[in-house]
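Accompanying notes for the structure given below.
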Amino acid sequence: MKIILIIVITATIALIGSQFTFNSRKIPLGTRHILLTGTEFIFIGLLIGPGFLQLINPDAAQQLHPFLSFGLGWIGFLFGLQFDINKVRFLPKNYFSITAVLAIITMLVVFWVFWVIFIGTLSYGHAHAWVLAMIMAAVAACTGQSSMAIVHRDHHIPSKGLMNLFRYIAAVDALFSIMICGLALCYHKVDQPFYTTAYHLSAWAWFIVSLSIGGILGFVFHFLSYHKVTQDELLLVTIGLVMFASGISLFLKLSPLLVTFAMGFIVANRSSRNTRVLEIMIRSEKSVYILLVILAGASWQLSRAIPIGLAFLFIVVRAFGKYIGGFVAAKMIKTEFKVPTNMGLGLLSQGGVAIAILVNVQQVFRESSINLIFTIIIIAIIVNEFISPRLVIKLTGKE
Amino acid sequence: MYYRLAALLIIMGMLGLLYQFDGEETHASESATIAMGFLIVCAYLIGSASTKIKLPRITGYIGAGLLLGPYGLHMLTKQTIADLDFINQMALALIAFYAGGELRITKLKTYKNTLISIISSQILIVAGVGFTLYLSQGYFTLFAGMNPLQIVAVVSLIGVVCMARSPSTAIAIIDETRAQGRVSEIVLGVTIALDVMVIVLFAITISLCETLFDTSAAWDSQFIYILLTEILVSVVVGVVLGFGLIRSMKHMQAILPIFLLTLGFLVVKFSYSLTEYLEHYHGIGLKAEPLLICISAGFIVQNYSQQGERFMKSLDKVSLLIYALFFSISGASLNIKALQSSWNIAIIIFLLRAIMIAVTTTGGAIGANDPKPARSLYWLGFIAQAGVTLGFAYEIARRFPDWGPELATILVAVVGLNQVVGPITFKYGLELAGETRGAISYRELVQKKHSHPI
């Protein structure tokens, strides 16, 4: 019974929180960059978690997995729905190339550094280090949209082209993160002792299975909504299929984010109801996101020795990766406006998909090493959320 | 149609394939997530298909549950159904809010005479069912070894259980058909009033049975006061909640449906916790009745504020999802095996109950001088039975280990029949009354028959 009450309390905080956060409330500069962006709910989660009020203990957190899985599925599906090729193709093609170059280089830099640290300093096994480094890389690549939104809302930006590019990158680069995170979980799956089924597939095969499950369920969605459906029926089908897809992912220890992303992609490109579904999803986006952030905060097991050094290293390496990525992209790809070579530094904001990836990974991982990664990334998200808007303003020409 | 069939086959195939991976380390909660998603999709599909053949959606939901449940294809296990119990609690609270919101004082005043007359006449169901069963006692093994007084007590108990209705089914059918008019209003009013009455009557009858079957037990009339206190306390709490809701609704916009769902669930949980607390720490056997609390709150919002319509619309937004889950879980919980083992007596009680409902309801309506087409249609809305009756059955089995389980099995089978037939008859009744969208009314039907004699 306690678990249900916890869900209800958390959901209520999320619902009420979504009414107040992400809005244009005027609060002092600086605090605005950390409050009203959704990141503040990490602390609420931390407060109700095992470290403080103990409303959510590790057992309860375990029981929350299906709900978290549904939340992840919701986010993945929503993200996939936005990739309607008919709409995306009208956007400048070089934007996608810049995003890809930036994301891939950032991932490579972070992956390499942390792979070395995990093997050399922390003495993790090769396979384990490989998976953890991939996760770090996936989280590093994605850019949060909150700082872009703050800057766009609060400041007059002279360089509209650059601002649009930033917003495009922040919206799209999570694609690479979700893919890499999904692949990392597939590697983790085949590395587990319980992996004893007759279907002994490779990590890449499981990656294809993940995409296929999502793709098939996307077509199921298309079939179910092919004939005339009311808004309520559409909501019913959406909830049912997202839940089904998330449950299957969790059952098979795959990434719900990846599976439902594939589902959303198919719905966006095959179903004539894609716009209506997107409207339904967007309405609940904030609440689901806040719910995830709270639960991520609650799952954060703060140890006495907080890995400040590693967190600082992750922030620096990520910033370096973004810088190099931005530099290469600016040099390689031509745009109709001047792209500064240090544009990567304007894309340091995290949150959103980064938190979703963390929750996703925590669901599947049972090892204590994930707590270390969790702490590093949460600290990095908070720090980046704070400094990022200032850098965006600087790069886009306001200061 | 073919597209939907293909979708159903694909997800069933996926589920079948998934259990090939059973060797992996999994948790019950993961299976529950899959089950819930699967159930929603299947309920939607079968519910939509049932509307094509003019059956209520909820019959489709119940059918989906029956098909996939532990007594059907076993795609949902008993454990999974138990894990999804919180959905039932959430759904019941929502339905109770809805039921309260549907009770409009102005309408109740208009139909006052009919309501009182029908409710009074329905008490005769106990006498009718009881008397018939008493006369035919020789045909049933259930009464073997009981003295005449004990048989009277048991048949009265069966009679009281037969009075129980299903407010959730009535609400779901009215909501689905968007019915508005005399028949829907009166059926709902009577159903809710009887739901409260039947709890009191059951408590009295079961206590009487206990006294007659256990010679050491003495009749303690104090429980009636406790029961009435429970009802009073629940209504008062509901009224306070209703006024609180009116105030807080002003600040809720898009999140109101989820807020109501959460609030209803909290009311259910709080009531159970309070009951446990009072029992455990103070030895007070006082129960807060969550459904009554929610009905009262819904009633207050509808009748004492300007927010009634908004309240109902907000409930509407989540109703399809909740109904699909609630009724499919109900379907999956129906014990078909009980029907197999006691189908003969179950059918007799089912028919007896239906006849008594028809006779007493129509008699009551005639007594209140009700207009002609409606008075012969009300009874069609009173056939369905669900949760409360099952609760009664389990209580009988628990309290009377000698004969209780046998009677409980019969009652569960009767509920199964009523829950399958009841929604269909109610929808049919509303259509004949011309209260549903696009329905041909009874009057039009008669006119049609006269204009085209066969």
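Bear in mind these aren't lab numbers, they're just calculated from the coordinates by the rules spelled out. Keep in mind that this is a model prediction, so the values were computed, not measured. Neighbour counts are summed over all protein chains in view; Cβ atoms, including those assigned to glycine, are modelled from backbone coordinates with ideal geometry.
Under the shape rule built on the C-alpha gyration tensor, where the axes satisfy a ≥ b ≥ c, the range B:71-152 is oblate, since a/c reaches at least 1.5 while a/b does not exceed b/c. Among the listed pairs A:253/B:317; B:52/B:317; A:189/A:286; A:253/B:337; B:107/B:269, a Cα-Cα separation exceeding 26 Å is found for A:253/B:317; A:189/A:286; A:253/B:337; B:107/B:269.
Please work out whether the range A:280-335 counts as rounded, prolate or oblate from its C-alpha gyration tensor, where a ≥ b ≥ c are the square roots of the eigenvalues and a/c under 1.5 means rounded, while otherwise a/b larger than b/c means prolate and anything else oblate? Verdict is oblate for the range A:280-335. Under the combined filter of DSSP loop state and at most 16 neighbouring Cβ atoms within 10 Å, the range A:309-361 retains these trypsin sites (Lys or Arg not before Pro): A:334, A:338. Counting only lysines at least 8 places from residue B:112 when in the same chain, those with an alpha carbon closer than 20 Å to its own are B:372. Here the Kirkwood formula puts the hydrodynamic radius of the range B:1-83 at 13.4 Å, using every distinct Cα pair.
Lysines near residue A:338 by alpha-carbon distance under 20 Å, same-chain residues fewer than 8 away left out - which ones? Within the straight-line limit of under 20 Å, residue A:338 reaches these lysines: A:93, A:160, A:322, A:394, A:398.
Would you mind ranking A:206, A:115, A:74 by Cβ crowding within 10 Å, fewest neighbours first? Ranking A:206, A:115, A:74 by Cβ neighbours within 10 Å, fewest first, gives A:115, A:206, A:74. Fewest-first ordering of A:250, B:228, B:157 by other beta carbons within 10 Å of each residue's beta carbon gives B:228, B:157, A:250.
Given a cut-off of under 8 Å on Cα pairs at least six residues apart, what relative contact order in percent is computed for chain B?
Working: 634 pairs, mean separation 115.2, N = 454.
Here the relative contact order equals 25 percent.
State which helices in chain B qualify, where a helix is a whole DSSP H run, it must extend 27 Å or more along its own axis by its Cα atoms, and its mean Kyte-Doolittle hydropathy must be at least -1.0. Don't skip to the end; give the middle numbers.
Details: long enough: B:28-52 (36 Å, 1.10); B:182-213 (44 Å, 1.91); B:222-249 (40 Å, 1.91); B:256-282 (37 Å, 0.80); B:308-333 (34 Å, 0.65); B:343-367 (35 Å, 1.72); B:404-432 (40 Å, 1.03).
Membrane-span-like by this criterion, though nothing is claimed about a membrane: B:28-52, B:182-213, B:222-249, B:256-282, B:308-333, B:343-367, B:404-432.
In chain B, helices alone account for a calculated mean residue ellipticity at 222 nm of -25500 deg cm²/dmol, with every DSSP H run of four or more residues adding -39,500 (n - 2.57).
Under the shape rule built on the C-alpha gyration tensor, where the axes satisfy a ≥ b ≥ c, chain B is rounded, since a/c falls short of 1.5. Neighbour counts of C-beta atoms inside 10 Å place B:414, B:239 in the sequence B:239, B:414, starting with the fewest.
Across chain B, the longest piece that holds none of the trypsin sites (Lys or Arg not before Pro) lying in DSSP loops with up to 14 other C-beta atoms within 10 Å covers B:251-436.
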